[in-house]
Every structure is written in C-alpha cells, then in structure tokens.
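Below: one structure in structure tokens.
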Amino acid sequence: MGISALKIHLLGMLDLVFEDKALTLPASPTLRSLLAYLIHNHDRAIARDRLLGIFWPERSDAQARRALSNALWRIRQTLGPAAERLLTEHNSVTFTLYPQDDLDVAAFESLAPGDPAQAITRYTADFMEACYDDWAILERERLNELRLSTLARLVALEKQNGQ
C-alpha cells in the first residue's frame, strides 16, 4: 500500500486533510503560521535561525530555540500519520510534499501560465486570510497580483475566442 495523500489549503483558512479526515490544527496563531510557512516553502531546508527571526524575534536566542522546538513537536502531533513529511535537523527544518499530495497554492501557481481558466478555479480565497504575519501578508499580495494577471489573460483569451 502506498503513502496516503495530504490535501492542504493555504488559500482561505489553513486546512489539512489526510485520508479524507480533517486534521485538528493547533489553536495558536503562531503555530498555524509556522506550519503554513513550512508547507508553503515545501521541499526546501529552512534554517532554524531564519524561523527564529520570523516567529520569535523578540525572544532571546535560547528562549526562541525552545519555542521553536516545542512548536515543531506540537506540529508533529498535529500532523499525526502525516508527520513523516516534517524533517527536523539540527540546523534546518523541511516540509516535504509527496507527489500525491495536493497543495492548492502550488496547483494555482503551476496552472496560471498555461491554463488560466483552471488556475482561477483553484484560487478560492486569499492566501492565509486570517494570518497577519508579515511573511503571509507579502505572499498574499504576491499571489493576488498573480491572480489578477491570470484573470487579465483569461479575459483576453475569452475576447480572442469571441466570448
């Protein structure tokens, strides 16, 4: 038996579904934001120091490292049977997407250049709409610009086709 698919929504509210069951997400906005950040930057090793600076900049290095370790442990608990996707190393953290996984943002971005109509159907809401961390706001703006340019291309194609 193969590895089960993880369905991830970062457009709108963070949502994870594994084997057709919604995973219970942490109540903490910081943990949700960290999980979303790791997923959005999937398949890239992210330096722990970078995570400390983004999520706990006001804490001492020792306090921030403890907070990150605790947060990663809690995220691993949240992921449950999908926890093998979270790789924690001494200096970095990586969230791995498997080929069968479905990440709405990645699907939107991959469809936008070649199939604007399909891409627009995948863009169901703004990126992490309830998260106001700087990183999420910047990404929300970038994705919204991509959505607008994709819509403009779709309108141009429809006009070209006489519709």
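The values are calculated or read from the model by the stated rules, or taken from the named source; none is laboratory data. Model, not experiment: these values are computed from the prediction. Glycine also receives a Cβ, built like all others from the backbone with ideal geometry; neighbour counts cover every protein chain displayed. Keep in mind that these areas ignore ligands, DNA and RNA; they rest on the heavy atoms of the full protein, side chains included. Shrake-Rupley method; radii C 1.70, N 1.55, O 1.52, S 1.80 Å.
Within the range 120-163, track down each residue that is touching a residue at least 40 places away in the same chain (Cβ under 8 Å), among the hydrophobic types (A, V, I, L, M, F, W, C), farther than 14 Å from Gly12 by Cα and surrounded by 14 or more Cβ atoms within 10 Å (Cβ to Cβ).
Trp135
OK, next. Taking the residues in the range 60-100 that are over 16 Å from Pro29 (Cβ atoms) and charged (D, E, K, R) as candidates, determine which candidate is most open to solvent (accessible area, probe 1.4 Å).
By that ranking, first place goes to Arg66.
Within the range 1-34, track down each residue that is closer than 17 Å to Ile75 by Cβ, of a type in the set (A, V, I, L, M, F, W, C), in contact with a strand residue (DSSP E or B) (Cβ under 8 Å, 6 or more places away or on another chain) and not in a loop (DSSP other than H, G, I, E, B).
Across the range 1-34, the qualifying residues are Leu6, Ile8, Leu16, Val17, Phe18, Ala22.
Would the range 49-63 turn up any residue that is under 18 Å from Asp101 (Cβ atoms) and assigned to a loop (DSSP other than H, G, I, E, B)?
No: the range 49-63 contains no residue that is under 18 Å from Asp101 (Cβ atoms) and assigned to a loop (DSSP other than H, G, I, E, B).
Now a separate question. If Thr24 meets every condition in (1) over 20 Å from Gln100 (Cβ atoms); (2) open to solvent by less than 80 Å² (accessible area, probe 1.4 Å); (3) touching a residue at least 12 places away in the same chain (Cβ under 8 Å) apart from one, which number is that one?
Condition not satisfied by Thr24: (2).
Here is a further query. Quick check on Ala117: is it open to solvent by 40 Å² or more (accessible area, probe 1.4 Å), in contact (Cβ under 8 Å) with a residue 12 or more places away in the chain, in contact with a helix residue (DSSP H, G or I) (Cβ under 8 Å, 6 or more places away or on another chain) and of a type in the set (A, V, I, L, M)?
yes
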